[in-house]
Amino acid sequence: MKSIARKIKSIFMETVKETKRVGEEDPRRIIHAMKVGFALTLVSLFYYFRPLYNGFGQAGMWAILTVVVVFEFTVGGTLSKSLNRGCATLVAGALGVGAEYLAALCGDKGEPVVLGLMVFFLATTSTFTRFFPNVKRKYDYGVLIFILTFSLVAVSGFRVDQILHLAHRRLSTILIGGASCIVISIFVCPVWAGQDLHNLIAANIEKLGAFLEGFGTEFLIFHGDESGKINSSCKHGDQKSFLEGYKSVLNSKATEESLANFAWWEPPHGRFRFNHPWKQYLKIGALARDCACLIQSLNGYINSKSQSLVQVKMKIKESCMKMSMESGKALKELASAVKTTAFHPLLAAGAHLQNSKSAADDLKIALENSSLLSAKADLQEIMPLLVVASVLIDINDGVDKIYESVNELSLKACFKNNPKSSKACELHQQVIIHRGVVKPVNDSEEHVVVVVVDGGASAEESPEKENRHPPPQ
């Protein structure tokens with residue numbers, strides 16, 4: 001008995017700790033649970049009050065069932081399921097009533113045959129449409145409810161005389177339950193899927209930037225003294241914090257796609273307008289995962305014990321460190337641009353990206369001219385250097401692609417301080433194509449947009465101010 005008591009106590013304490021962890025991780029979960037409880041209590045009035053019960057009868061149970069199955073954590077999820085369920089019930093109910101009256105024209109013997117054939121045909125056709133990617137992504141739940149409702153109405157109508165009255169009561173209670181969920185979800189502490197997707201993409205980019213910055217400052221395998229000892233100024237806990245951060249990016253695809261699907265259903269709210277470019281977030285997320293895969297391969301060389309790498313020329317070491325740190329800073333600026341929906345951080349990101357490209361060019365020249373590459377006996381020892389250098393260059397290209405995608409998002413989503421006129425937007429589009437940098441101008445002066453193409457000359461909107469804004473070196 002003492003052993004059982006200790007085991008029960010242990011299970012209870014673990015449950016309390018897990019409950020506390022889940023609640024602290026996202027307090028909105030507690031509010032969501034209370035919102036579901038409130039919605040269920042509200043629709044239960046169909047049974048508690050006699051006037052409502054007399055009007056709807058046992059069909060009031062469908063309102064309770066609707067709240068249970070359609071109330072999701074986010075507004076978009078609730079809207080998706082509620083609208084799918086309401087429309088599917090309406091269409092399926094109408095078809096079911098029509099099928100029942102059509103089958104009744106065939107007589108007592110022909111009625112079950114006609115109903116059976118119609119149920120088979122519509123169920124088969126609807127089930128097959130669920131394999132279509134677009135239907136699967138947005139309307140799968142609605143198709144499922146359509147099959148269920150049509151089958152219930154058509155089959156039950158064979159034994160029920162007042163089929164139209166039955167369908168009306170069920171549809172009414174389902175619509176009331178769905179409407180209750182929508183109103184509570186939107187107006188009581190709403191959780192927007194679009195905002196969560198926006199924050200998730202920004203956080204993922206920032207995690208990649210934190211890794212690259214940390215890799216360049218404390219954990220770059222070249223970083224050590226002449227004896228080959230790694231700098232121990234950073235504690236193991238700090239190492240684990242930024243090393244583990246990027247791993248969550250690798251597994252974020254399902255969450256991003258789900259949030260983007262729910263965000264598509266949501267009405268305009270906050271900074272997100274109607275037809276906000278949610279697909280562009282998925283594009284940025286895919287590029288971030290590609291970059292995270294490269295970082296994962298780079299992570300394997302952090303604890304490398306090779307001593308030859310700290311003996312290479314200082315120029316190679318500095319180029320790799322600069323490339324890693326500048327790429328990390330560029331990613332952090334891009335994360336800031338997405339998070340704040342502001343255009344100015346993109347300018348700083350472009351500058352860091354250009355510095356990273358310059359360091360990559362220096363690294364390539366240094367490796368081509370290095371005597372280590374001609375020493376065949378040391379090929380196995382210098383191989384980690386070549387691998388890390390190659391991965392850093394690929395990461396730099398990946399950051400460049402993320403920069404272009406965020407630039408495209410800034411145009412589609414109308415980031416703050418972004419060029420508004422059609423001509424300025426056209427010039428800014430050239431920046432995206434040529435991967436150049438837009439130099440800001442003072443608000444007090446005449447609006448001039450200076451476009452600096454990689455290694456090229458500047459093109460200005462106002463020729464008379466040609467020398468006012470010289471291109472950056």
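Values computed for the structure shown
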| read-out | value |
| --- | --- |
| Segment 44-60-segment 383-414 distance, computed between alpha-carbon centres (Å) | 60 |
| Percent accessible area from carbon and sulfur atoms, segment 1-126, protein chains only, probe 1.4 Å | 73 |
| For C106, solvent-accessible area (1.4 Å; no DNA, RNA or ligand), Å² | 70 |
| Amide H contacts under 5 Å for A342, placed H, 5+ residues apart | K416 |
| Order of exposure, largest accessible area first, which applies to R28, R85 with probe 1.4 Å | R28, R85 |
| Accessible surface, segment 1-104, averaged per residue in Å² (probe 1.4 Å) | 61 |
| In Hz, Karplus ³J(HN,Hα) per residue of segment 132-137 (6.51, -1.76, 1.60; θ = phi - 60°; x = Gly, Pro) | 5, x, 5, 5, 4, 6 |
| Lys/Arg +1, Asp/Glu -1 at C-beta; segment 1-159 dipole; positive extreme among G96, T15, I4 | I4 |
| Solvent accessible area, Å² - S336, 1.4 Å probe, full protein context | 40 |
| Gyration tensor verdict on segment 53-200 (Cα atoms; rounded if a/c is under 1.5, prolate if a/b is larger than b/c, oblate otherwise) | oblate |
| Surface accessible to a 1.4 Å probe, F38 within the full protein complex, Å² | 120 |
| Neighbourhood charge, 13 Å Cβ-Cβ cut-off, centred on A63 and excluding it, Lys, Arg +1 and Asp, Glu -1 | +3 |
| Largest to smallest accessible area among W278, W62 [probe 1.4 Å] | W62, W278 |
| Across K279/K329; K81/K253; K207/K339; K138/K247; K207/K317; K138/K401, pairs whose alpha-carbon gap is larger than 20 Å | K279/K329; K81/K253; K138/K247; K207/K317; K138/K401 |
| Electrostatic dipole magnitude of segment 98-211 [Cβ: Lys, Arg +1; Asp, Glu -1; Cα centre; debye, to 20] | 180 |
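The values are calculated or read from the model by the stated rules, or taken from the named source; none is laboratory data. Because the structure is a prediction, the values reported are computed rather than measured. Note that we place each Cβ from the backbone using ideal geometry, even for glycine, and neighbour counts take in every protein chain shown. Side chains included, ligands, DNA and RNA excluded: accessible areas come from the protein's heavy atoms. Shrake-Rupley method; radii C 1.70, N 1.55, O 1.52, S 1.80 Å.
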